[in-house]
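The values are calculated or read from the model by the stated rules, or taken from the named source; none is laboratory data. Here the structure is a predicted model, which is why all the values come from computation and not from measurement. Positions of Cβ are backbone-derived with ideal geometry, glycine not excepted, and every protein chain shown enters the neighbour counts. The accessibility values were calculated without ligands, DNA or RNA, using every heavy atom of the protein model including side chains. Shrake-Rupley method; radii C 1.70, N 1.55, O 1.52, S 1.80 Å.
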Amino acid sequence: MSPEPGRAKRVSITLPPDLYERLAALAEADRRSVASWAAVQLELAVIEAEEKLRQGRNLKERLADESERFTAWYRDDSLAQRTVS
């Protein structure tokens, strides 16, 4: 005998009494896991930013050194040309 079309069949299930507690524990574990992952990602971003800052400072120092050397070379070259002339 099949149910009539358009009529829902009623189903009864029994849930374990501690289901909500288990689901809450799983949700808490997921929350902690996500928070831990986010903290690691933030720490990695900070490390990357610090490294880029360090590289930028090194580049700035190298550019300053090159600028000083070029200025000294240009000054010496100009002085040499003036004495020859």
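Okay, here's what the table says:
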quantity: Residue in the stretch 55-77 that is at pLDDT below 80 and surrounded by 10 or more Cβ atoms within 10 Å (Cβ to Cβ) present; calculated: yes
quantity: Filter result for residue 31 (surrounded by 10 or more Cβ atoms within 10 Å (Cβ to Cβ) and of a type in the set (Lys, Arg)); calculated: yes
quantity: Residue in the stretch 23-30 that is assigned to a helix (DSSP H, G or I) and charged (D, E, K, R) present; calculated: yes
quantity: Test: residue in the stretch 5-15 that is surrounded by 10 or more Cβ atoms within 10 Å (Cβ to Cβ) and either over 43 Å from the mean Cα position of the chain (by Cα) or assigned to a helix (DSSP H, G or I) (or both); calculated: no
quantity: Per-region count, the stretch 34-54, residues open to solvent by 100 Å² or more (accessible area, probe 1.4 Å) and of a type in the set (A, V, I, L, M); calculated: 1
